[in-house]
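The structure appears below as C-alpha cells.
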Amino acid sequence: MVNINEVRLLSLPKILDERGNLSFMQNQDQVPFDIERVYWIYDVPGGEKRGGHAYKELKEVIVALSGSFDLVVDDGYAQKTISLNRSYNAVYLPNGVWRQLENFSTNALCLVMASAAYDEHDYIRDYQQYKNINR
Ligand code: TYD
C-alpha cells in the first residue's frame, strides 16, 4: 500500500554562476536509491499523455530538464497534480504510485532516473487492477 503523500518534491542543488547554472543529483543523496537506468521523454505532441501506469517495485526521480509538464500521481484514493517547470526541482516517486505525465510544453524534456532496468513485468497498466491491489 502506498500513499501519495510519500511522493516527495526534491529541491536539487543549484550552483549559480554567471557562466550558467549547474544542478546535480547523485545516488543515496538527492536520489534515495541507486540509479540503475536513465530514460527521457521528448518531442511529445501537444495534448498527448505518457505514463498511465504504476510499478510494483521500481522507484523513480523525475525532472523537467527543459520546458514544463504536469505529473499526476494517484494512490487509488486521492490524486495530486505536480507541475514541473524548473530544472532544479525534481519529484521522488516511490514504487506503487499510479502516475501520468501530461500537459507537455513545446520542447519539454522529461528526464527519469530509475532504480532498476526496464522490466515489463513490473508494470501495472490497468487502473482497475491497480486500485484492487492498492486498496
Ligand atoms: P512506457 O514505459 O510504457 O512509456 P509510457 O508509459 O510513457 O507510455 O514505455 C514505452 C515503450 O518503451 C515500451 O514499449 C517499453 C519501451 N521502454 C524500454 O524499452 N525501456 C525503457 O527504459 C522504457 C522506459 C521504455
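Rule-based calculations on the coordinates, nothing more; no lab input. These numbers were taken from a predicted model, which means no experiment stands behind them. Here the Cβ positions follow ideal geometry from the backbone for every residue, glycine too, while neighbour counts run over all protein chains shown.
Measuring r between the beta carbons of Q128 and Y39 and using R0 = 30 Å, the FRET efficiency lands at 0.65.
For the pair L16 and R50, a Förster radius of 30 Å applied to the C-beta separation gives a FRET efficiency near 0.40, rounded to the nearest 0.05.
Cross-link partners of K56 among lysines, defined as those whose alpha carbon lies under 17 angstrom from its own and excluding same-chain residues fewer than eight positions apart: K131.
Packing here is the average count of other Cβ atoms within 10 Å per residue, and on that basis the peptides 93-101, 5-13, highest first, run 93-101, 5-13. Full extension of the chain between F24 and E120 gives 31.7 nm of extra length, using 0.36 nm per residue less the Cα-Cα distance.
Rg/Rh for the chain stands at 0.97; both radii use Cα atoms, and Rh follows the Kirkwood definition.
Each residue of segment 79-91 was assigned a 3J(HN,Hα) from its phi angle through the Karplus expression (A = 6.51, B = -1.76, C = 1.60, θ = phi - 60°), giving 10, 9, 10, 10, 8, 10, 8, 10, 6, 9, 10, 9, 10 Hz with x at Gly and Pro.
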